[in-house]
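*Asks:* Dumping the structure here so I can ask a few things about it.
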Amino acid sequence: MNKIKTIDEIMEFIKDGQTIMFGGFLAVGTAEHIVDAIVKKGVKDLTIICNDTAFVDKGVGKLVANKQVKKVIVSHIGTNPETGRQMNAGEIEVELVPQGTLAERIRAYGAGLGGVLTPTGLGTVVEEGKTVIEVDGKKYLLEKPLKADIAIIKGSKVDKKGNVWYSKTARNFNPIMAMAADLVIVEAEEIVEVGEIEPENVVTPHILVDYIVKGGER
Amino acid sequence: MIDKNLVREIIAKRVAKEFKDGDVVNLGIGLPTEVANYIDKDVEVILQSENGFIGLGPAPEEGKEDKDLVNAGGKYVTIMPGGACFDSAMSFAIIRGGHVDATVLGALQVDEEGNLANWMIPGKMVPGMGGAMDLVVGAKKVIVAMEHTAKGAPKILKRCTLPLTAAKEVNLIVTEMGVIEVTDKGLVLKEIAPNTTVEEVIAATEANLIIANDLKVMEL
């Protein structure tokens, strides 16, 4: 089975109105080449799930700046003034989620769980509209799973079967997102032969990856 | 009025004295980051960076930046020998699960109950909470490091008026005027800066302050 595709080939999967997860933390570990291709394709009304909206000219921030996004589910928008501007103008919906809760909601879907119970957000606006559950005398918020149509992740080394290894902090949300979408596309900085990544160094196992795109540095 | 840089240095220096050998600590962006510069060389503190590693080191030399190695503020950093990288779920399991001894954060407001507001000003500034809500709930000790007032207006209040980051989680407040502990009875002024009077601290604080019987001068 050949999972390696060109960027043009995978663009056929990207459509208006989809929910897409992007790995990356302030664009470190984001599949920049695929983001650029989506900007070029110009699909609209996307819902983006990512840690943050990065920068106007970097990471998923480029999609926001190009007005292709109707909603973001993120923990932070402060580094991209365009997200704030569109939010204040009523052009984009912003769901702010505490970073650890965002990670667990994604992980929950990928792990087949119906949600997670977390103390984070109790007594704050995050609690509004949510169920509070008491377990052994301690209160928790019920946070529901998050899924996407597509997860676009970025691997530092990806073997031809789709096993992924991440360099340093480029890992962040990528491994959990690879478990929480119908279709998983990995942009590889480097594509290597099967076996070059030792089995115990594989972070995202190949069974979770549908397609591999060669991206290169950046 | 004292110099802003000196104010930050006083706060960072005093916070650095809170840690003991082996502590795992997460430092917030801005002033809290500067705390790392003043930790005693004999005290090994392991810094956690919520974007996914422990063993956060100083900024790299120019030209030696690694595009895949940044801190939670997106700045290039280094990783100490023995450091370890992990994904965001693991990072926050470490934070939420009580494996971080202390977190140091800035604040817009903090109050008598230990409530903290530091993530938004409605209608003005809505950057998002990032990892702050999880850090404040999960860390064993929550240290607020901030200037005592904002343009002369108190930031230590009877009740926070801004949206909270977390309820009743703050343990210690360190400012350039003193060190305040959050207790069941209220805020206790434990230490006071040199050349500062108790009256001056009270005047700059909206919250009621209990003055510790053994009030000390801040060690810097």
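The values are calculated or read from the model by the stated rules, or taken from the named source; none is laboratory data. From a predicted model like this one, the values you see are computed outputs, not experimental measurements. Every residue, glycine as well, gets a Cβ built from its backbone with ideal geometry; the counts of neighbours run over all protein chains shown.
*Asks:* Taking only pairs six or more apart or across chains, which ones have beta-carbon atoms under 7 Å, a first residue in the range A:196-207 that is away from every other protein chain (no Cβ under 14 Å), and a second residue that is of a type in the set (D, E, K, R)?
*Replies:* Cβ pairs passing all conditions: A:196/A:159; A:197/A:157; A:197/A:159; A:206/A:161.
Every residue, every condition in (1) basic (Lys, Arg); (2) within 13 Å of chain B (Cβ to nearest Cβ); (3) within 28 Å of residue A:65 (Cα to Cα); (4) buried (at least 22 other Cβ atoms within 10 Å of the Cβ), yes or no:
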{"site": "A:138", "(1), (2), (3), (4)": "yes, yes, no, no"}
{"site": "A:149", "(1), (2), (3), (4)": "no, no, yes, no"}
{"site": "A:170", "(1), (2), (3), (4)": "no, yes, yes, yes"}
{"site": "A:188", "(1), (2), (3), (4)": "no, no, yes, yes"}
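*Asks:* Determine if the range A:125-142 includes at least one residue that is modelled with pLDDT of 95 or more and closer than 17 Å to residue A:209 by Cβ.
*Replies:* No, the range A:125-142 contains no residue that is modelled with pLDDT of 95 or more and closer than 17 Å to residue A:209 by Cβ.
*Asks:* How about the range A:172-196: which of its residues are of a type outside the set (Phe, Trp, Tyr) and closer than 18 Å to residue A:108 by Cα?
*Replies:* A:172, A:174, A:175, A:176, A:177, A:178, A:179, A:180, A:181, A:182, A:183, A:184 - these are the residues of the range A:172-196 that are of a type outside the set (Phe, Trp, Tyr) and closer than 18 Å to residue A:108 by Cα.
*Asks:* Return the residues of the range B:193-202 that are buried (at least 16 other Cβ atoms within 10 Å of the Cβ) and among the β-branched types (Val, Ile, Thr); say none if nothing qualifies. Give the derivation first.
*Replies:* Residues of the range B:193-202 buried (at least 16 other Cβ atoms within 10 Å of the Cβ): B:193, B:196, B:201.
Scanning the range B:193-202 gives B:196, B:201.
*Asks:* With in contact with a His (Cβ under 6 Å, 6 or more places away or on another chain) and either modelled with pLDDT of 95 or more or within 14 Å of chain B (Cβ to nearest Cβ) (or both) as the only criterion, which of A:52, A:45 stands out?
*Replies:* A:52
*Asks:* Follow-up question, since we're still on this one. For the range A:26-42, which residues satisfy the criterion of being under 23 Å from residue A:105 (Cα atoms) and either assigned to a helix (DSSP H, G or I) or at the interface with chain B (Cβ under 10 Å from one of its Cβ atoms) (or both)?
*Replies:* Hits for the range A:26-42 are A:26, A:27, A:28, A:29.
*Asks:* Of the numbered conditions (1) surrounded by fewer than 21 Cβ atoms within 10 Å (Cβ to Cβ); (2) of a type in the set (Val, Ile, Thr); (3) under 28 Å from residue B:49 (Cα atoms), residue A:77 fails exactly one; give the number of that condition.
*Replies:* (1)
*Asks:* Can you name the residue in the range B:34-70 that is β-branched (Val, Ile, Thr) and part of a loop (DSSP other than H, G, I, E, B) and, of all such residues, is farthest from the other protein chains (Cβ to nearest Cβ)?
*Replies:* Across the range B:34-70, the extreme among qualifying residues is B:43.
*Asks:* Considering the range A:84-115 alone, what residues qualify as being of a type in the set (S, T, N, Q) and over 26 Å from residue A:182 (Cβ atoms)?
*Replies:* Selection gives A:86, A:88.
*Asks:* Let me ask another. Which ones in the range A:80-124 are crowded, with 24+ Cβ neighbours inside 10 Å, within 8 Å of another protein chain (Cβ to nearest Cβ) and farther than 30 Å from residue A:205 by Cβ?
*Replies:* The answer is A:121, and nothing else.
*Asks:* Looking only at the range B:44-89, which residues are of a type in the set (A, V, I, L, M, F, W, C) and more than 18 Å from the chain's Cα centre (by Cα)?
*Replies:* Of the residues in the range B:44-89, the ones of a type in the set (A, V, I, L, M, F, W, C) are B:45-47, B:53-54, B:56, B:59, B:69-70, B:72, B:77, B:79-80, B:84-86, B:89.
Once the filter is applied, which keeps residues that are of a type in the set (A, V, I, L, M, F, W, C) and more than 18 Å from the chain's Cα centre (by Cα), the range B:44-89 yields B:53, B:59, B:69, B:70, B:77, B:79, B:80, B:84, B:85, B:86, B:89.
*Asks:* Pick out, from the range B:71-138, the strands (runs of 3 or more DSSP E) lying fully within it that include 2 or more residues that are more than 10 Å from chain A (Cβ to nearest Cβ) and aliphatic (A, V, I, L, M).
*Replies:* Strands (runs of 3 or more DSSP E) meeting the threshold: B:78-85, B:102-105.
*Asks:* Quick test of your reading of the structure: residue B:51 fulfils all but one of (1) in contact with a helix residue (DSSP H, G or I) (Cβ under 7 Å, 6 or more places away or on another chain); (2) closer than 30 Å to residue B:152 by Cβ. Name the failing condition by number.
*Replies:* Condition not satisfied by residue B:51: (2).
*Asks:* Among the residues of the range B:158-192, how many are hydrophobic (A, V, I, L, M, F, W, C), surrounded by fewer than 22 Cβ atoms within 10 Å (Cβ to Cβ) and touching a helix residue (DSSP H, G or I) at 6+ places or on another chain (Cβ under 8 Å)?
*Replies:* Residues in the range B:158-192 being hydrophobic (A, V, I, L, M, F, W, C), surrounded by fewer than 22 Cβ atoms within 10 Å (Cβ to Cβ) and touching a helix residue (DSSP H, G or I) at 6+ places or on another chain (Cβ under 8 Å): 2 in total.
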